[in-house]
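Written below as structure tokens is the structure these notes are about.
The values are calculated or read from the model by the stated rules, or taken from the named source; none is laboratory data. This is a predicted model, so every value here is computed, not measured. Neighbour counts are summed over all protein chains in view; Cβ atoms, including those assigned to glycine, are modelled from backbone coordinates with ideal geometry. All accessible areas refer to the heavy atoms of the entire protein, side chains included, with ligands and DNA or RNA removed. Shrake-Rupley method; radii C 1.70, N 1.55, O 1.52, S 1.80 Å.
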Protein chains: 2
Amino acid sequence: MSDTVRPREEVSIADVAERAGVSVATVSRVLNGHTNVREATRERVLEAVASSGYRINELARNLRTAESRLLLTMVPDFGNPFYAAIVRGIDSVARQNGYFMLLCDTGADPLRERSYFDLLRGRRADGAICLDPAAVQKALAEESSALPWVACCEFDPAAGVPYVGIDNHLAAGDVVRYLTAKGHRRIALINSGHGYLYGRQRLAGYRDALKDAGIEPNPAWLIELDSLDYDAGERAAAQLAALGDARPTAAFAVSDTLAIGVMNGFRGAGFSVPDDVAVVGFDDIAVAAHVDPPLTTVSQPMQLLGETAAELLLKRLRDPRAEVPGVLLPHRLIERRSA
Amino acid sequence: MSDTVRPREEVSIADVAERAGVSVATVSRVLNGHTNVREATRERVLEAVASSGYRINELARNLRTAESRLLLTMVPDFGNPFYAAIVRGIDSVARQNGYFMLLCDTGADPLRERSYFDLLRGRRADGAICLDPAAVQKALAEESSALPWVACCEFDPAAGVPYVGIDNHLAAGDVVRYLTAKGHRRIALINSGHGYLYGRQRLAGYRDALKDAGIEPNPAWLIELDSLDYDAGERAAAQLAALGDARPTAAFAVSDTLAIGVMNGFRGAGFSVPDDVAVVGFDDIAVAAHVDPPLTTVSQPMQLLGETAAELLLKRLRDPRAEVPGVLLPHRLIERRSA
DNA sequence: CTGAAAGCGCTAACAG
DNA sequence: CTGTTAGCGCTTTCAG
């Protein structure tokens, strides 16, 4: 038998055409759902496709149509669960619009990020969404602002690259105001993320809100970390706990992982949360509700952040010269028992 | 000025050739680092490349060379931190060998997984590594065992698809033996993952080890969940805690997330871990060492699992008819304070 | 409604 | 060392 579903070798559109006794143009037409093909012919072609086990070579199609229908999402750290819901939001919008979304783990490394952008430059992907630290994006924005990409969560408002994120300054202020309303005056900030926009913005929000409350912040309450690890948070708490009379009664950590570490650290130093010290986190990752005590934190609309980023990108793809705006989405303070 | 680094329009290899006053073949040669080009010519070409802002169109190159240098990794759940280190292992090997690795979040959905496999079929990726549940892989293995892919963690030994994983049966037995050695006789298993091979294997390992220890397992000690959520673990613990005299003194959960939930659940029911009930998890995810009490768990060599998977795939890519073996890697019981 | 022919942008013989 | 010439497998005018 010469007919088999198993493609013995590479069967091309020409083979299918020959089998069906038509031209390659006609095969292409039925493959692409064009209507100007007689029904009988269409069936003959479909039959030939099936019996030959033909698979379209998308590489060739992409070369011809000059698009890949691939979108890239760059995340600085695949292990950080914070990104999961955002990615899901991006993926669902991409998929609904006939695009594949593929993830790139850049490790927040400018060189690796750059190499993934080369996929864009080389036409292997149509567009990208970048979640990398603003500092890492910066160089990119200068040399590649013409490329079809948008920034998500982290961005440089001045870079001319479309973005979506939240108002970190306001969110940090909300946390401080929540804490002062509960009577706290000695509030520590455990900050992190060199090169991250959110770090700078939350610090500013913290400072401004303290000032508005007439509180002079003690420099010892501000801890700048270079990690989001549980360990780092633990060490920060130990440091704070050793402050004696100047010890803060509340601590605001810029991520939930850090906040969980902070709680452990205080507990290790013999303090109880929230009685001796209140702890607030940021992000509302899944585990936040399941630690003891459950963590009070700020939640970002992660799914929506992702969906919006994807929509901005698609808009830019549809019309490269469209004015795509920067958009800020609302956050929400989730009150649980740690503060 | 007509010379500018900014590519006004799409500049192709022909444009560069014209600029440099050579043929496209010569441009291609210097682009691909062939040595048979006179130094002066090479420089002229490089100069033309730079001044024109030329970027090779990889789509065209890929079509011509019939490879994309793209590898896909399919994960069932991007939000599960368990996969992070594995993915990093895959990525590092891929990168060292000149491949890009891109991630696909399949949501353990056979249809979505299938659509990603279409990228392979359509030549848009050269190979894939699949971390999806064995049950989801099954259909794939039947229709696509000829495609260049390997299974990681989850696999069907009989499918003829190369795989790498651990000996889950042995690992579960190790946990039970560890617990019986500490005097436990009433040991619960909180299992999960319909369609996951690891679930079936760990259950078998648990049963066999109990039998070897002369323990008749109480059916009430076996809880089958359909989730790995903290919540699910919490509910399982509540159920176990309500068992009265038949209440187990130890619980083995097949994932750390579940185990953390279990600890919370027992605590919520007024029991202390490990004094009233010992808890063991599986995976050794980052947070496992940072809960209270720190979780005793089984660690898998995640980075190595990923690296090995990538190497198997590369071997298969280099020689499509090579016999690629299935490999099992060693696990390790990490003793902390929860059991 | 269908076919012939011209490329998409690149690489790889094959000549010289 | 360099240029000419064929395509890779597909889509898309342009004719008929």
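In chain A, if the dipole is taken from +1 on Lys/Arg beta carbons and -1 on Asp/Glu beta carbons about the Cα centre, which of A:Leu312, A:Gly33, A:Asn264 is farthest to the positive end?
A:Gly33
Suppose you put the label 7 Å out from Cα in the Cβ direction; list, shortest first and in nm with one decimal, how far A:Arg69 is from each other copy's label.
2.5
Shape of segment A:1-121 from its Cα gyration tensor (a ≥ b ≥ c, root eigenvalues): rounded if a/c is under 1.5, otherwise prolate when a/b > b/c, or oblate?
Note, shape of segment A:1-121 comes out prolate.
Size of the dipole of segment B:197-339 about the Cα centre, Lys and Arg at +1 and Asp and Glu at -1 on the beta carbon, nothing else charged, in debye to 20?
The dipole of segment B:197-339 has a size of about 380 debye.
Report the FRET efficiency, 1/(1 + (r/R0)^6), for A:Asn218 and A:Lys138, where r is their Cβ-Cβ distance and R0 is 30 Å, rounded to 0.05.
0.40
What ranking of B:His290, A:His169 comes out by heavy-atom accessible area, probe 1.4 Å, highest first?
Output order, biggest surface exposure first: A:His169, B:His290.
Could you please state, rounded to a whole Å, how far the C-alpha centre of segment A:73-101 is from the C-alpha centre of segment A:313-339?
Measuring centre to centre over Cα atoms gives 14 Å.
Output wanted: per-residue J couplings in Hz (rounded whole) for segment B:64-78, from phi through Karplus 6.51 cos²θ - 1.76 cosθ + 1.60, θ = phi - 60°, x for Gly and Pro.
Taking θ as phi minus 60°, the curve returns 5, 8, 6, 8, 10, 6, 10, 10, 10, 10, 9, 10, x, 7, 4 Hz for segment B:64-78.
Tell me, which longest segment in chain A has none of the GluC sites (Glu not before Pro) that fall in DSSP loops with at most 16 further Cβ atoms within 10 Å?
Result for the longest clean stretch: A:68-322.
Around B:Leu333, which amide H atoms from residues at least 5 apart in sequence, or from another chain, sit under 5 Å from its own amide H, with H modelled in the peptide plane?
HN-HN under 5 Å from B:Leu333: B:Ser299.
How large is ³J(HN,Hα), in whole Hz, for each residue of segment B:283-293 in order, when computed from phi with the Karplus curve 6.51 cos²θ - 1.76 cosθ + 1.60 and θ = phi - 60°, using x for Gly and Pro?
Karplus-based 3J(HN,Hα) across segment B:283-293 equals 3, 6, 6, 3, 6, 4, 7, 10, 9, 10, x Hz.
Residues in segment A:56-100, backbone N under 12 Å from the label point at B:Asp109 (7 Å along the Cα-to-beta-carbon vector): list them, ranges by number please.
Residues passing the 12 Å test: A:88-89, A:91-97.
Kindly give the distances from B:Pro293 to its copy-mates, label point to label point, with each label point 7 Å from Cα along Cα→Cβ, as nm values to one decimal ordered shortest first.
Here B:Pro293 shows inter-copy label distances of 2.5 nm.
Please give the charge dipole size of the protein assembly as shown, origin at the Cα centre, charges +1 on K and R Cβ atoms and -1 on D and E Cβ atoms. Round to the nearest 20 debye.
1020 debye
In the protein assembly as shown, with Lys and Arg counted as +1 and Asp and Glu as -1 at Cβ, which of these residues, A:Ala204, B:Ala108, B:Ala242, has the Cα nearest the positive end of the dipole, that is, farthest along it?
Value computed over the given set: B:Ala108.
Please compute the contact order of chain B in relative form: average sequence separation of alpha-carbon pairs under 8 Å and at least six residues apart, divided by the residue count, as a percent.
It rounds to 16 percent for chain B.
Along Cα→Cβ, 7 Å out, is where each label goes; now give me the distance between the ones at B:Glu43 and A:Glu335 in nm to one decimal.
It is 7.4 nm.
How much length, in nm to one decimal, is gained on full extension between A:Ser51 and A:Ala146, taken as 0.36 nm per residue of separation minus their Cα-Cα distance?
Answer, rounded to one decimal: 29.7 nm.
Just check segment B:168-299 against the gyration tensor rule for me: Cα atoms, a ≥ b ≥ c as the square roots of the eigenvalues, rounded for a/c under 1.5, and otherwise prolate or oblate depending on whether a/b exceeds b/c.
Rounded, since a/c falls under 1.5.
Got a sec? Charge dipole of chain A, +1 on Cβ for Lys and Arg, -1 for Asp and Glu; which of A:Pro81, A:Leu147, A:Tyr99 is way out at the positive end?
The Cα lying farthest towards the positive end belongs to A:Tyr99.
Nearest 20 debye, what's the magnitude of the dipole of chain B about its Cα centre given +1 on Lys and Arg Cβ and -1 on Asp and Glu Cβ?
Approximately 720 debye in magnitude.
Taking 7 Å along the Cα-to-C-beta vector as the label spot, tell me the B:Val327-A:Ala181 distance in nanometres, rounded to one decimal.
5.7 nm
How would you classify the protein assembly as shown from its alpha-carbon gyration tensor, with a ≥ b ≥ c the square roots of the eigenvalues: rounded for a/c under 1.5, else prolate if a/b is greater than b/c, otherwise oblate?
Oblate, because a/c is 1.5 or more while a/b does not exceed b/c.
With chain B treated as a Gaussian network of Cα nodes joined by springs under 10 Å, which of B:Gln300, B:Gln137, B:Gln201 yields the largest mean-square fluctuation?
B:Gln201
So the label point sits 7 Å from Cα along the Cα-to-Cβ vector; using that for A:Gly268, what distances do you get to the other copies, in nanometres, sorted shortest first?
Between copies, matching label points for A:Gly268 lie 2.8 nm apart.
Check which residues have an amide H placed less than 5 Å from A:Ala251's amide H, if you skip close sequence neighbours.
For A:Ala251, the qualifying residues are A:Ala188, A:Ala278, A:Val279, A:Val280.
Determine which residues of segment A:197-221 fall in the zone a paramagnetic label at A:Ala158 would reach in this model, i.e. backbone nitrogen under 15 Å from the point 7 Å along Cα→Cβ.
A:197, A:201
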